[in-house]
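Below is one structure, written out as structure tokens; the observations come after it.
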Amino acid sequence: QLHSDLDKGVGTVKYTLSGDGAGTVFTIDETTGDIHAIRSLDREEKPFYTLRAQAVDVDTKKPLEPESEFIIKVQDINDNEPKFLDGPYVASVPEMSPVGAYVLQVKATDADDPTYGNSARVVYSILQGQPYFSIDPKTGVIRTALPNMDREVKEQYQVLIQAKDMGGQLGGLAGTTTVNVTLTDVNDNPPRFPKSIFHLKVPESSAVGSAIGRIRAVDPDFGKNAEIEYNIVPGDGGNLFDITTDEDTQEGVIKLKKPLDFETKKAYTFKVEASNLHLDHRFHSVGPFKDTATVKINVLDMEEPPVFNKPLYTMEVYEDTPVGTIIGAVTAQDLDAGSSSVRYFIDWKNDVDTFFTIDATEGTIATSELLDRETTAQYNFSIIASKVSNPLLTSRVNVVINVLDVNEFPPEISVPYETSVCENARAGQVIQIVTAADRDLSPAGQRFSFRLSPEASNKPNFTVHDYRNNTAGIETRRNGYSRRQQELYFLPVVIEDSSYPVQSSTNTMTIRVCRCDSDGTILSCNVEAIFLPVGLSTGALVAILLCIVILLAIVVLYVALRRQKKKDTLMTSKEDIRDNVIHYDDEGGGEEDTQAFDIGALRNPKAMEDNNLRRDVKPEALRFPRQPAAQEGADIEGFIHQRLQENDGDPTAPPYDSLATYAYEGTGSVAESLSSIDSLATEADQDYDYLSDWGPRFKILAEMFGEEESYHPEKVT
């Protein structure tokens with residue numbers, strides 16, 4: 001209740017309330033100032049409330065006193081039970097643990113005020129799980145209460161834990177939780193075979209490495225504590241078998257280590273030991289953690305293929321062995337009780353196998369073709385043996401035939417076949433070491449001998465020195481060699497081998513003379529180097545050669561231009577050629593045309609010399625003397641007529657009007673002149689019909705000399 005000293009009880013004072021929960025949790029009587037809770041309070045929800053109160057004049061609405069603040073505290077009662085916030089719990093403890101082994105600690109929480117009374121004081125107890133486990137009332141630690149709890153007997157335990165407040169007194173509130181405890185495995189049990197003897201039946205045809213049976217020892221432990229290792233106890237029969245552990249089933253898998261044979265042994269007996277891999281030293285006193293059982297194996301008789309008496313056959317044959325020669329034999333037997341005959345045949349895979357044949361009954365192998373070691377040195381093929389009673393039962397064996405060499409090839413010089421010698425070489429100097437190669441398969445200790453051929457033994461240039469270690473040296477026999485005299489020497493070397501029959505060959509070595517320095521280093525072996533001046537460098541020699549080439553090019557160009565200028569005055573068409581008439585396409589060259597004929601002789605006949613020979617023909621001695629030249633002032637026409645008669649009567653000159661000729665081949669021509677006309681007087685006696693038979697190239701000549709009317713070269717065009 002709130003009360004102001006100014007309140008006289010006449011209703012002139014009004015009380016107001018504000019703050020936490022005013023109007024919702026708490027209310028105030030405006031006249032009397034009484035404060036009431038209008039709903040239930042929960043300390044765990046809000047332990048206290050802060051409020052403000054004030055007295056106000058009813059008429060003026062003005063505060064009569066300053067506002068005052070006060071706190072309402074909620075007092076706790078035991079209305080909350082303890083709770084396990086982390087429950088339910090899961091825990092584990094190893095089996096066979098001693099009493100008091102720690103399992104787990106639980107904790108309960110009480111929401112009541114721990115500072116007021118015993119409302120929050122919690123005590124723990126076990127409602128379910130005794131006598132196996134116990135709990136500390138104050139700390140909540142759970143421990144084992146019984147010794148030697150065995151997982152193999154019981155693995156899972158459920159423990160019910162209670163937490164009660166008020167110190168466990170009557171009237172206190174309580175909460176519970178569940179703890180699931182699992183006993184973890186330890187290796188406290190050895191493996192045990194369910195029976196002492198295991199019987200297995202195994203066919204004798206079982207493959208080596210195959211599984212022929214399984215046995216199992218039982219271990220009640222779990223996980224790695226139940227892992228078992230199996231071993232065969234050394235003794236009778238155990239060396240033919242092996243045993244391994246199946247990781248998934250922990251069974252012992254017996255495998256065959258060697259082949260079985262019913263005809264040799266029909267039964268085997270051995271012992272197998274099973275033991276744990278992971279031992280626990282705490283339980284050694286229990287006894288040995290292993291067990292032993294006996295395994296008896298009975299071998300079953302099976303029909304088997306023939307068996308070769310060797311796993312591999314190796315034979316040898318000379319390469320010149322005649323076709324049909326027996327080189328060896330293979331043998332296979334049927335080892336079953338009812339022995340059957342065996343047939344042999346070659347497993348044909350390629351053409352190589354056709355070099356040999358095999359007798360189907362005896363198994364003898366013979367050659368069917370001639371062998372050549374240089375082509376194939378070794379043959380490898382398979383032979384199959386099958387039972388006559390059951391051809392499907394076959395066995396196979398490999399046969400290797402080595403072809404032995406026969407000395408049929410002569411030895412030869414290994415490369416190089418060419419060497420060099422210095423011009424300044426001394427007598428006895430070794431210029432090349434040579435070795436020999438033989439295409440035959442040389443046996444151990446094969447020796448080659450070297451010597452000069454008989455025809456070269458008496459020459460004083462080179463010799464061969466046999467070192468008797470399959471090598472030889474080419475040595476000089478004189479001092480100094482000259483490339484100017486002889487650049488190449490050919491040395492025949494005879495090589496013999498030591499096999500039977502002895503084979504030999506003559507090999508020619510080429511020896512080139514080279515220019516060397518004083519140390520024997522080769523400077524040049526080229527032929528052109530002989531003629532180069534000594535002392536000039538390579539650059540100087542190249543410059544000299546380049547100048548010579550340029551000068552030659554200039555000379556050739558000049559000569560070509562001169563010849564081209566001469567040809568400009570000649571006829572341009574082969575069809576215009578005539579034996580007696582020169583045809584020009586213009587009126588003439590004038591005074592500057594000095595190539596066709598000497599025009600000065602026409603203008604000044606007096607100036608002619610007595611020796612007026614043709615410029616296009618090298619004349620011989622004339623049979624008829626020439627007539628004197630025309631006198632000064634004579635008519636040009638008469639002079640030309642006079643010259644025509646002189647040339648027509650001259651048998652040494654072709655029938656041309658002019659001093660220039662174009663159809664004359666020259667004295668150096670193999671065909672000589674195409675014209676067969678010597679003079680005007682003999683023209684009628686010639687027959688030129690054969691020109692038509694010479695082909696199209698002589699068509700024009702045939703037309704010219706085949707006309708019916710005579711052609712008189714008396715006009716100049």
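A few points about this structure:
- Anchor Lys46: lysines whose Cα lies under 17 Å away (excluding residues fewer than 8 positions away in-chain): Lys73
- The relative contact order of the range 83-184 comes to 37 percent, based on Cα pairs under 8 Å that sit 6 or more residues apart.
- Cα-Cα over 31 Å, subset of Lys201/Lys349; Lys257/Lys290; Lys195/Lys265; Lys224/Lys266: Lys201/Lys349; Lys224/Lys266
- Under the convention that each Lys and Arg Cβ holds +1 and each Asp and Glu Cβ holds -1, the size of the dipole of the range 83-184 around its Cα centre is about 120 debye.
- When peptides 58-64, 698-704, 301-307 are sorted by average Cβ neighbour count within 10 Å, with the highest value leading, the order is 301-307, 698-704, 58-64.
- 1.4 Å probe accessible area per residue over the range 13-73, in Å²: 63 Å²
- Net charge over other residues, Cβ less than 13 angstrom from the Cβ of Glu30 (K, R count +1; D, E count -1): -2
- Solvent-accessible heavy-atom area per residue, rounded to whole Å², over the range 83-184 at 1.4 Å: 53 Å²
- For Glu418, the solvent-accessible surface computed with a 1.4 Å probe is close to 100 Å², ligands and nucleic acids excluded.
- Counted charge near Glu81, where neighbours are those whose Cβ lies closer than 13 Å (Asp, Glu -1; Lys, Arg +1): -2
- Taking 29 Å as the straight-line reach from the Cα of Lys565, the lysines in range (excluding those fewer than 8 positions away in the same chain) are Lys574, Lys618, Lys715.
- In the range 406-522, taking the dipole from charged Cβ atoms about the Cα centre, the farthest positive-side position among Asn469, Gln446, Pro501 is held by Asn469.
- Mean projected area (nm²) of the alpha-carbon convex hull when the range 115-154 is viewed from all directions: 3.6 nm²
- About the centre of its Cα atoms, the range 412-524 shows a dipole size close to 400 debye [charges on the beta carbon of Lys, Arg (+1) and Asp, Glu (-1) only; nearest 20 debye].
- The range 231-266 versus the range 117-177: alpha-carbon centroid distance in Å: 57 Å
- Listed residue (Leu160, Gly223, Pro191) projecting farthest to the positive dipole end of the range 154-239, Cβ model: Leu160
- With K and R counted +1 and D and E -1, the other residues having a Cβ less than 13 Å from that of Thr521 yield a net charge of -2.
- Rough spin-label spacing in nm, given labels placed 7 Å along Cα→Cβ, for Thr178 and Asp517: 10.7 nm
- Magnitude of the charge dipole, the range 307-404, Cβ model with Lys/Arg +1 and Asp/Glu -1, debye to 20: 440 debye
- Solvent-accessible area, 1.4 Å probe, carbon plus sulfur percent, for the range 13-73: 49 percent
- Probing with 1.4 Å while keeping every protein chain in the model, the per residue accessible area of the range 197-300 equals 54 Å².
- Note on the range 412-524: Rg/Rh from C-alpha atoms, Kirkwood Rh, equals 1.02.
- Sites Thr50 and Thr109 - FRET efficiency at Förster radius 25 Å, r taken between beta-carbons, to 0.05: 0.35
- Shape index of the range 1-117: Rg/Rh, with Rg the Cα radius of gyration and Rh the Kirkwood radius from the inverse mean 1/r over Cα pairs, equals 1.38.
The values are calculated or read from the model by the stated rules, or taken from the named source; none is laboratory data. Here the structure is a predicted model, which is why all the values come from computation and not from measurement. Note that each Cβ is placed from the backbone with ideal geometry, even for glycine, and that neighbours are counted across all protein chains shown. Each accessible area value is taken on the protein alone, full model and side chains, heavy atoms only, with ligands, DNA and RNA left out. Shrake-Rupley method; radii C 1.70, N 1.55, O 1.52, S 1.80 Å.
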